[in-house]
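Accompanying notes for the structure given below.
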Amino acid sequence: LFYSIVDMNANGGAGRVTQKAVPLYKGVMGDCRLTAVRHANGRDWWLVNHGWKNDIYNKWLVTPDTIYGPFQQAIGVPDSEPDFIGFAQFTLDGRRYASANHASPMHIMDFDRCTGMFSNPTLVKVHPEPPWQAPTPANSTVDAVCWSPNGRYIYTTCHNYLLQYDTWADSIPATRTLLAIVDSTYANSSPFFMMALSPHGKIIVSNFQGVSLKSYYHIIHQPDSGGHACMLEKEALRIPGSYDNNTLPNIVNLQLGADTGSLCDTIVIGIPPGPTPEERGAVRVFPNPATEWVAIEVEHNRHFAGTLTVRNALGQTVYENQRYDGAAIIHTSALPSGMYVYYIQSKNNTWSGTFAVRR
């Protein structure tokens, strides 16, 4: 995974690339599920991607001048092979997330824009063909997912099928509605592929390998409505055959602002440590929230040697220990209430996380 830096003030406002293809992450990742959502502070961004054939979610915190991470969280069930083709998307308010691929259950989870943590996973087996019970161990055949603007309905494409689910129902699988299936009126045998929520609140559905003289997009005109009231219009938007009609960009909500009134309604960063304490060690922070003091301890810290730094919401260092031995008590009585970020650096590992001071 790479990133580039663009100076948007250069070239008279046209921009200039100042750094290109800087490595951000080297490792095996699941296909097609890189997405992003704005941090609760209204300024930074969470960048999220899934690991490969596992239950790990990699997260980066993108700030105006630094990218932190990857932070990792294990949740749900591991994805299965073939772990390719799929999609991931946040709701417009950033509070829920869905991810699916060609071989695993669709994951629907809550998301905390402040801490970057997922919770409450719901697994939905997306079997496109009736009678809805797959005769094989396969769990899904999902190409893409797309949330309705109100965050209630989720749409899935399965090559020959277009489905809708009501995520507010007690049983999400029971609400499965078959909106469309391929028939002889389509220009090719696999008409449903990627999806995107347009700025005017409609869902655009691309087709898969359409013929050059008859390329098109479908449109769901009322995606906030249940069942066929969503008003799917087949082949609604014709496009020149020379355009790539297979794919659509993963559009994120650029208008999402700060989570006003939350503890993260400030410029803060950080996320609790990753899910593999046996490999990286685990960090205990207590009490949290703190009043007079907070302890930061690396478990299994025998012979530990490193540094511990704590910064406030403005990025200012409020505590630093260059000879951190894996355990420290920090007096917080003089610190203002708010969120703080700790960084621990040893020879082999790096940890970061947050704690609150509250009175």
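Quick look at the numbers
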{"item": "Residue in region 48-62 that is out of contact with any strand residue (DSSP E or B) (no Cβ under 9 Å at 6 or more places or on another chain), open to solvent by 30 Å² or more (accessible area, probe 1.4 Å), touching a residue at least 12 places away in the same chain (Cβ under 8 Å) and not charged (D, E, K, R) present", "result": "no"}
{"item": "Boolean, VAL318 is part of a strand (DSSP E or B), open to solvent by 20 Å² or more (accessible area, probe 1.4 Å), β-branched (Val, Ile, Thr) and touching a Leu at 6+ places or on another chain (Cβ under 8 Å)", "result": "yes"}
{"item": "Answer residue from region 266-299, given it is acidic (Asp, Glu) and at pLDDT 85 or above and is most open to solvent (accessible area, probe 1.4 Å) among those", "result": "GLU292"}
{"item": "In region 83-108, the residues that are among the hydrophobic types (A, V, I, L, M, F, W, C) and buried (at least 22 other Cβ atoms within 10 Å of the Cβ)", "result": "PHE87, ALA88, PHE90, ALA98, ALA100, MET106, ILE108"}
{"item": "Selection within region 118-129 - part of a loop (DSSP other than H, G, I, E, B) and either over 19 Å from GLY30 (Cα atoms) or open to solvent by less than 10 Å² (accessible area, probe 1.4 Å) (or both)", "result": "VAL126, HIS127, PRO128, GLU129"}
{"item": "Unmet requirement for SER171, which otherwise passes all of (1) modelled with pLDDT of 80 or more; (2) in contact with a His (Cβ under 9 Å, 6 or more places away or on another chain); (3) part of a loop (DSSP other than H, G, I, E, B)", "result": "(2)"}
{"item": "Candidates SER99, SER4, SER104, SER80 - the one that is touching a residue at least 60 places away in the same chain (Cβ under 8 Å) and not β-branched (Val, Ile, Thr)", "result": "SER99"}
{"item": "Enumeration of residues in region 341-350 that are open to solvent by 10 Å² or more (accessible area, probe 1.4 Å) and either touching a strand residue (DSSP E or B) at 6+ places or on another chain (Cβ under 9 Å) or at pLDDT 90 or above (or both)", "result": "TYR343, GLN345, SER346, LYS347, ASN349, THR350"}
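The values are calculated or read from the model by the stated rules, or taken from the named source; none is laboratory data. Quick caveat, the model's predicted, so the values are computed rather than measured. Cβ: placed from backbone, ideal geometry, glycine included. Neighbour counts: every protein chain shown. Please note that ligands, DNA and RNA were not included when accessible areas were found on the heavy atoms of the full protein model with its side chains. Shrake-Rupley method; radii C 1.70, N 1.55, O 1.52, S 1.80 Å.
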